[in-house]
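Some notes on the structure that comes next.
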Amino acid sequence: MELTHIAKTVMEKRYLRLKEDGSKETPEEMLRRVAGVIAGVEAQYGASKKEVRAIEEAFYGLMDRQDFMPNSPTFTGAGTALGQLSACFVLPVGDSLVEIYETMKHAALIHQTGGGTGFAFSRLRPAGDKVRSSQGVASGPVSFLRVYNASTEAIKQGGTRRGANMGILRVDHPDILDFIESKADTTQITNFNISVGITDAFMAALEQGTDYELINPRNGEVTGKLSAKLVWDKLVENAWKTGEPGVIFIDRMNRRNPNNHVEVIEATNPCGEQPLPPYGSCNLGSINLANFVKNPYTAQAEVDWERLGQVARMATRFLDNVIDANKYPLPQIAEKARRDRRIGLGIMGWAEMLVQMGLAYDSDEAVALGNQVMTFIKQKAVEESMALAEARGAYPEWEGSQWHKAGLKVRNATMTTVAPTGTISLFAARPDLPCSGGIEPKFALVFTRNQAGAVMLDVDGQFATIAKREGWYSEELMQQVAERGTARGVAGVPERWQQVFATSHDISPEWHVRMQAAFQGADGLPVDRQPVDAAVSKTINFPHHASVEDVAKSYALAWQLGLKGITVYRDGSRASQVLTTGDKT
Ligand code: ADP
């Protein structure tokens, strides 16, 4: 492995374990530990010692070449006492105090293992509703959202990483307006992302300009009506102000869930890439697309389909093994994971693949390639899942699923996803070949950093390589790019590279949405042709001066193009931002 400085630091701090002799394992020893545990599963299915060793080598190679990385909990959990390997969970919240606090406890146990949790608060009776046992009134979903947030806050120092949550409320819940407002003050509920669960009925009312019904989940009674337009406008305006709430298209998620014959999805995990049923979980892993270009940066550049196919199949096998190697935090979760065998094979380094292919992110060619690459990975995942089903059996809930109806015997209810890869993309990056998270464009080409009082320039590895190779690299030019926050419009950068080196701020929101749609796939595709069968985590970036109307357009486009959800961020709209470009750092 060839790691960047940041990757080494992050690994050192949180990922490398102490060995028995008290010294820390090396990054290679960490990969060895993970490969050993995950390959060990093969023995359960009758592999000989020699065969297990061969698979272990293959798994080790995937990670050591930085072709593929499993999600963080697999690194931190493999071979440990906790042994929890998944990043994504959804827990049900029932409409009683016992159930509410039971689930809060379960969430704490999951956070302790580095997993993130999502919840729908939609089953809770609205604020002010009757409570028979105490003859009092209910405090409603938003107040319990705050309680859950406080619990996460209190325990977040203890675990491997600070807890992350997603809170969902259906748009037809009587408390929906309070929910939409609940994070207007950006100092509140900071351990949650929130999203509104948008129904088909709501979208129909919005299109027709009519009211829609609010329903009390306690008894199914209609408690009132609201104008769909009014709610949509409020939602969009808040998203413009603070980035929240996001939306998820809940009926679409259920319609397109291959496993919808046995479960109803109410929520997603924290970053939105996994729509999951109650007690559902998913372990993720992502392929670094930057490693799969032949003849990079030339007119002959092409995707290395053959190697990509091999890696996608081996990664699918790896993730299926994780399900058996995993120690689950709750019996209900273990049971559900084994019945559905969900895995989440995703990608990262998409921006870096595009640069090597000479394509600008905001181009029709890039959007078409995105769809082609993800459809191909899905196809390979299905092939491997079918081979595994042949050898080890289809997943127990397979009968009656969309897979079954399509005549495809598979081992995994869902296979593909696009995760943010916040940490593992660091592990996949090399000094001269960075790896942007998921399908995000590069955030910036030149960062400025204050180090001991001196301003240092951090130049993107690909940008620096090309500039030096072609002879237009200079500190001055890099300084200019840093100040502008983009190469576009900087005279010293050749026109072609100005286009290809698109950063998130150069790219219009519409192209962001179109790219997300290319990976997600449209409504109505056969189950094996949906490029992503879970969902895509992505941020649609807006410049600070974008209008509320601009945000509204993106939300509408997201619905039109078949997205399962959308999250926006307008530059400067929240006080703290992890990364900033140009002279703001
Ligand atoms: P990584 O790169 O560390 O594997 P991602 O950034 O891809 O993780 O996030 C994947 C999922 O992992 C998230 O959607 C969420 O479910 C979970 N997750 C991420 N960060 C945290 C966190 N700080 N605490 C708990 N769960 C998290």
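Brief remarks on what is shown
- Positions within the range 414-440 being away from the ligand (no atom under 14 Å from the Cβ), surrounded by fewer than 24 Cβ atoms within 10 Å (Cβ to Cβ) and within 21 Å of the chain's Cα centre (by Cα), in sequence order: Pro434
- The listed residue being assigned by TED's automatic domain parsing to the domain that holds Ala391, in a helix (DSSP H, G or I) and over 25 Å from the mean Cα position of the chain (by Cα), out of Lys50, Lys13: Lys50
- In summary, Phe249 fulfils each of the numbered conditions (1) closer than 17 Å to Arg170 by Cα; (2) more than 13 Å from the ligand (Cβ to nearest atom); (3) in the same structural domain as Asp340 (by TED's automatic domain parsing) with the single exception of condition (3).
Every residue, every condition in (1) surrounded by fewer than 24 Cβ atoms within 10 Å (Cβ to Cβ); (2) over 26 Å from Asp528 (Cα atoms); (3) touching a residue at least 24 places away in the same chain (Cβ under 8 Å), yes or no:
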site	(1), (2), (3)
Gly243	yes, yes, yes
Ile248	no, no, yes
Met253	yes, no, yes
Val262	yes, no, yes
Gln274	no, no, yes
Pro277	yes, no, yes
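- Scanning the range 344-398 for residues that are among the acidic types (Asp, Glu) and in contact with a Lys or Arg (Cβ under 7 Å, 6 or more places away or on another chain) gives Glu383, Glu384, Glu397.
- Ser182 being away from the ligand (no atom under 16 Å from the Cβ) and of a type in the set (S, T, N, Q): yes
- Tally, over the range 412-442, of residues that are of a type outside the set (Phe, Trp, Tyr), touching a helix residue (DSSP H, G or I) at 6+ places or on another chain (Cβ under 6 Å) and within 25 Å of Met30 (Cα to Cα): 10
- So Met104, is it in contact with a Gly (Cβ under 7 Å, 6 or more places away or on another chain) and either under 22 Å from Thr423 (Cα atoms) or within 16 Å of the ligand (Cβ to nearest atom) (or both): no
- Residue that is surrounded by the most Cβ atoms within 10 Å (Cβ to Cβ) [pool: residues in the range 118-171 that are farther than 14 Å from Arg218 by Cβ and in contact with a Pro (Cβ under 7 Å, 6 or more places away or on another chain)]: Gly118
Here is a yes/no grid of residues against (1) more than 30 Å from Ile466 (Cβ to Cβ); (2) away from the ligand (no atom under 15 Å from the Cβ):
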residue	(1), (2)
Gly243	yes, yes
Pro258	yes, yes
Asn269	yes, no
Ser286	no, no
Ile323	yes, yes
Ala334	yes, yes
Asp340	yes, yes
Gly344	yes, no
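- In the range 342-366, the residues that are under 14 Å from Thr503 (Cα atoms) never reach a residue that is within 14 Å of the ligand (Cβ to nearest atom) and at pLDDT below 95 with C-beta atoms less than 6 angstrom apart, at least six apart or across chains.
- Here is the figure for the range 385-405: residues that are over 27 Å from Ser537 (Cα atoms) and either in contact with a Gly (Cβ under 7 Å, 6 or more places away or on another chain) or part of a loop (DSSP other than H, G, I, E, B) (or both) total 5.
- Pairs linking a residue in the range 537-559 that is more than 23 Å from Gly438 (Cβ to Cβ) to a residue that is modelled with pLDDT under 95, with Cβ atoms under 6 Å and 6 or more positions apart or on different chains, are His544/Asp571; His544/Gly572.
- Count - residues of the range 471-491 that are out of contact with any strand residue (DSSP E or B) (no Cβ under 8 Å at 6 or more places or on another chain) and in contact (Cβ under 8 Å) with a residue 60 or more places away in the chain: 2
- Among the candidates Glu56, Glu28, Glu99, Glu51, residue that is under 27 Å from Thr268 (Cβ atoms) and without any contact (Cβ under 8 Å) to a residue 40 or more places away in the chain: Glu99
- One residue from Glu42, Glu29, Glu57 being assigned by TED's automatic domain parsing to the domain that holds Leu345, at pLDDT 95 or above and farther than 26 Å from Ile377 by Cβ: Glu29
- Of the residues screened, Gln157 is not one that is away from the ligand (no atom under 14 Å from the Cβ) and modelled with pLDDT under 95.
- Considering Asp304, Asp320, Asp340, Asp324, the condition of being at pLDDT 95 or above, within 20 Å of the chain's Cα centre (by Cα) and farther than 25 Å from Gly422 by Cβ is satisfied by Asp340 alone.
- Candidate set from the range 183-221 (those that are among the charged types (D, E, K, R) and out of contact with any Lys or Arg (no Cβ under 6 Å at 6 or more places or on another chain)); member that is surrounded by the fewest Cβ atoms within 10 Å (Cβ to Cβ): Asp185
- Gly422 vs. criteria in contact with a His (Cβ under 7 Å, 6 or more places away or on another chain) and either among the hydroxyl-bearing types (Ser, Thr, Tyr) or over 24 Å from Ala299 (Cα atoms) (or both): no
- Checking the range 363-381 against the condition returns a match, with at least one residue being under 22 Å from Thr298 (Cα atoms), among the acidic types (Asp, Glu) and either within 16 Å of the ligand (Cβ to nearest atom) or more than 20 Å from the chain's Cα centre (by Cα) (or both).
- Filter result for the condition that a residue is more than 14 Å from the ligand (Cβ to nearest atom) and assigned to a helix (DSSP H, G or I), over Gly61, Gly94, Gly83: Gly61
The values are calculated or read from the model by the stated rules, or taken from the named source; none is laboratory data. Everything numeric here is computed off the predicted structure, so don't read it as measured data. As a convention, Cβ positions derive from the backbone with ideal geometry for all residues, glycine included, and neighbour counts pool all protein chains shown.
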